[in-house]
Amino acid sequence: MPDIKTAALLLLMTLPLSAQAQDAEQRGLEIARAARAYDHGFTDFTANMIMTLKNKAGKTSSRLIRIRTLEVEGDGDKSLSIFDEPADVKGTAMLTYAHGLEPDDQWLYLPALKRIKRISSRNKSGPFMGSTFAFEDLGSQEIEKYTYNYLRDEPCGDWTCHVIEHFPAYEHSGYTRLIVWMDTEAFRIVRSEYYDRKKALLKTLTAGDFEQFLGHYWRPASMNMENHQTGKSTLLEWTDYQFKTGLGERDFRSQSLKRIK
Amino acid sequence: MRLLVVWLGLSLISFSGFAEFSGNVALEAISFSQAAKFENQFDHNTTLSFQPKWDGEWNDGDDLWGMELFMRADDRDSEREHADVRELLWLHLDGDNEWRVGVNTMFWGVTESLHLVDVINQIDGVEGIDGEDKLGQPMLHLKRYQDWGVLDFLVLPGFRERTFRGEEGRPRLPLVVDTDQAEYESSAGQQHIDYALRFSQTYNDLDLGVSWFSGTSRDPLLLPGSDGDGEAVLIPFYEQMTQIGVDAQLIYLDWIWRLELIHREAESSDRDAFVFGFEYTFFGVFDSVSDIGAIAEFSHDNRPEELRGVYDRDLFLGARFALNDAQSTEILAGFLVDVEKQSRSFRIEASRRVGQSWKATLELQTFAGIDDNDPLIAFEDDDYLLLDMAYYF
């Protein structure tokens with residue numbers, strides 16, 4: 001289906017726009033496609049995530065979450081988040097089937113009630129576990145989720161970055177615009193700026209300590225999301241990344257949530 | 001004290017490397033605002049509960065085991081001082097089959113105010129009055145995944161009797177339930193083997209479940225009788241029943257529509273009942289990151305009036321506030337009104353994490369204008385405030 005959407009997008013782009021704007025959009029889309037193609041074929045991965053929330057006064061609280069993700073051909077990824085800390089949510093598990101522009105399918109297992117609940121996931125702009133990351137910031141990044149506008153190339157640390165504007169195509173996004181700095185060699189996102197519905201700068205994501213896996217796939221070991229409007233920030237520290245672990249559809253069934261360890 | 005000894009004992013059992021230990025210890029304080037309706041009932045009470053849990057796996061995760069215990073120490077209500085095995089389970093994964101042998105607690109259904117379809121586990125009636133606490137049920141359970149749906153086959157040996165609060169317990173029924181005199185329709189009594197089946201499947205935004213149960217009803221009839229001292233008591237009578245249930249949930253935009261429907265056949269009376277309603281979520285209210293869910297559910301029961309429970313022609317209106325903050329603050333407010341008898345009850349449950357390992361829960365319950373024919377009449381003077389402080393490890 002993405003092919004039809006892409007075709008429609010290309011068709012739209014033949015409408016009389018200024019040649020320069022058209023070039024910038026085309027260039028942005030091509031880079032997004034190249035980035036997606038570069039990351040394609042990771043099959044699956046597992047990782048541990050330590051999430052440290054920091055409020056305006058500098059007070060911190062932490063969460064420990066295990067992540068399992070399965071790449072799905074022709075659709076968004078399937079992913080499972082298993083909560084180990086704080087202790088009161090230990091055993092809670094969240095399963096997401098991402099679907100590009102369609103709302104995701106999402107289930108939550110609540111161990112205290114032994115209950116698996118299908119939850120409404122149309123709105124992805126809400127905070128994930130009280131952090132400064134929204135659900136949509138952590139979700140599977142499909143090409144059709146945005147339209148693009150290439151701005152420029154510029155140095156970013158040791159690398160050179162493409163600077164690209166992303167305009168959310170998802171109706172219920174909490175953002176009007178993102179500016180993304182992505183390195184030109186391996187499409188590593190080192191920085192993203194998020195602009196809210198009032199077009200004001202809301203958050204900045206800074207990623208670092210990139211590691212390469214299977215000699216190809218790059219993942220940041222740290223991601224810090226700072227909310228400029230509330231003064232809160234959240235640091236994600238990723239450890240124990242493993243790729244191609246042999247996970248299958250069977251490991252991402254909603255009714256299996258109860259037995260996830 | 002007793003709990004502490006048990007806790008120390010259990011902690012010393014070291015399944016090093018083979019099990020993960022977790023759980024919680026909670027102190028619960030309850031206070032009633034009105035004078036007690038029955039003699040000997042308390043106005044204030046403080047109790048302690050302990051819920052340890054062990055989990056482990058072997059064979060690359062194809063075999064898992066789990067144990068979860070629950071204990072409560074209660075100096076005032078000797079019936080509420082109890083212990084239960086909520087789970088003691090071996091789980092074996094074999095391709096598209098999941099085998100479970102042992103004691104387990106499970107949940108079927110979708111609605112918020114009432115659970116009609118959920119009939120596998122007995123209610124732990126000495127815990128909350130909402131019936132959300134359940135006793136572990138011995139079972140042999142096969143879950144089989146097919147392309148066209150998930151099938152659950154259950155064989156349930158060993159019946160669990162419902163627990164009821166004792167004479168000093170509050171709130172409680174007008175007469176003490178003498179569980180020692182429990183009677184059964186089946187001559188096999190507690191040894192009767194029950195069976196259940198369930199089919200469930202997700203069709204895009206629709207989740208559907210169809211279930212069947214045959215065996216000893218978890219809901220006893222309470223018959224008048226007397227105890228050894230000649231005092232009037234209620235005697236639980238457990239009938240045989242067959243129940244067919246349907247549960248469905250549909251997600252449409254920010255709406256979630258829910259339905260549970262049952263047909264039950266038993267000697268005393270057949271029963272057709274349903275609960276139907278919706279939850280609508282307002283995301284990011286008042287320019288914040290908080291969400292508010294508005295819940296409305298209507299329940300109906302066609303049994304003769306004297307046999308119906310609380311939810312016979314009742315409308316439940318609720319509001320769920322999720323602050324989505326670092327402390328996971330949540331508030332659920334619910335208002336239940338009997339549209340025929342006008343009986344009303346109101347409850348607020350609020351919870352919030354304190355520090356990294358504590359959780360505080362506040363529960364406020366009130367009753368108003370309870371009709372004499374409503375089973376809630378026993379609780380009319382039992383407005384209460386409950387505070388629960390739990391430490392999780």
Checklist entry - Does chain B come out rounded, prolate or oblate by the C-alpha gyration tensor, with a ≥ b ≥ c the root eigenvalues, rounded set by a/c under 1.5 and, if not, prolate when a/b is larger than b/c and oblate if not? => result rounded
Next on the checklist: If I fit a long axis through the Cα atoms of helix A:19-39 and take the longest principal axis of the Cα atoms of chain A, what angle between them do I get, 0 to 90°, rounded to 10?
Outcome noted: 40 degrees
Checklist entry - Normalised by the number of residues in chain A, what is the relative contact order in percent for Cα pairs under 8 Å and 6+ residues apart? => result 19 percent
Item to check | Debye log10 I(q)/I(0) for segment A:2-259, one point scatterer per Cα, at q = 0.13 Å⁻¹ | outcome: -0.90
Checklist outcome for this item: Scoring only Lys, Arg, Asp and Glu (+1, +1, -1, -1) among other residues with Cβ under 11 Å from the Cβ of A:PHE42 yields -2
Checklist entry - Does anyone have the angle between helix A:2-12 and the longest principal axis of chain A? Alpha-carbon axes, 0 to 90°, nearest 10? => result 30 degrees
Checklist outcome for this item: Simple spin-label estimate for B:GLU132/A:LEU110, 7 Å along Cα→Cβ, in nm, reads 0.6 nm
Checklist entry - What list of ³J(HN,Hα) couplings, whole Hz, do you get for segment B:133-138 from phi and the Karplus terms 6.51, -1.76, 1.60, once you set θ to phi - 60° and write x for glycine and proline? => result 8, 10, 8, x, 10, x
Checklist outcome for this item: For B:ILE244 and B:ILE292, extending 7 Å from Cα along the Cα-Cβ vector and measuring point to point gives, in nm, a value of 4.2 nm
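By how many nm would the segment from A:HIS228 to A:HIS99 grow when fully extended, if each residue of separation counts as 0.36 nm and the alpha-carbon distance is taken off?
The span from A:HIS228 to A:HIS99 would gain 43.5 nm if fully extended.
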Checklist entry - What ³J(HN,Hα) values, in whole Hz, does the Karplus curve 6.51 cos²θ - 1.76 cosθ + 1.60 give for segment B:387-393 when θ = phi - 60°, with x put for Gly and Pro? => result 10, 10, 10, 10, 9, 9, 9
Checklist entry - Can you flag which of A:LYS124/A:LYS199; A:LYS199/B:LYS359; A:LYS54/A:LYS114 are past 26 Å Cα-Cα? => result A:LYS199/B:LYS359; A:LYS54/A:LYS114
Next on the checklist: What is the distance in Å between the Cα centroid of segment A:59-99 and that of segment A:101-115?
Outcome noted: 11 Å
Checklist entry - If one computes the Cα centroid of segment B:176-212 and of segment B:127-143, what distance in Å separates the two points? => result 10 Å
Checklist outcome for this item: The exposure ranking of B:TRP58, A:TRP159, fewest beta-carbon neighbours within 10 Å first, is B:TRP58, A:TRP159
Item to check | Alpha carbon centroid spacing (whole Å) that separates segment A:164-240 from segment B:31-110 | outcome: 42 Å
Item to check | Charge sum, other residues only, whose C-beta stays under 13 Å from A:LEU201's C-beta, Lys/Arg counted +1 and Asp/Glu -1 | outcome: +3
Checklist entry - What residues qualify as long-range amide H neighbours of B:ASP124, i.e. H under 5 Å apart, gap of 5 or more or another chain, H built at 1.01 Å from N? => result B:ASP133, B:LYS134, B:LEU135
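Taking neighbour counts of Cβ atoms within 10 Å as a proxy for exposure, in what order, fewest first, do B:GLU161, A:GLU30 appear?
A:GLU30, B:GLU161
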Next on the checklist: In whole Hz and in residue order, list the ³J(HN,Hα) couplings for segment A:222-239 that follow from phi through the Karplus curve 6.51 cos²θ - 1.76 cosθ + 1.60, θ = phi - 60°; x for Gly and Pro.
Outcome noted: 9, 9, 10, 10, 9, 9, 6, 8, 9, x, 8, 9, 9, 10, 9, 10, 9, 9
Item to check | Nonlocal amide H pairs with B:LEU116, under 5 Å, H built at 1.01 Å | outcome: none
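Based on the Cβ-Cβ distance of A:ASN55 and B:GLN181, what FRET efficiency does E = 1/(1 + (r/R0)^6) give at R0 = 41 Å, to the nearest 0.05?
On the way: r = 58 Å, r/R0 = 1.41.
So, using R0 = 41 Å, E works out to roughly 0.10.
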Checklist outcome for this item: The summed charge of the B:PHE153 Cβ neighbourhood (under 15 Å; Lys/Arg +1, Asp/Glu -1) stands at -1
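Each value in this text was obtained by applying a stated rule to the coordinates, not by laboratory testing. This is a predicted model, so every value here is computed, not measured. Counting neighbours? That spans all protein chains shown, and the Cβs are built from the backbone with ideal geometry, glycine included.
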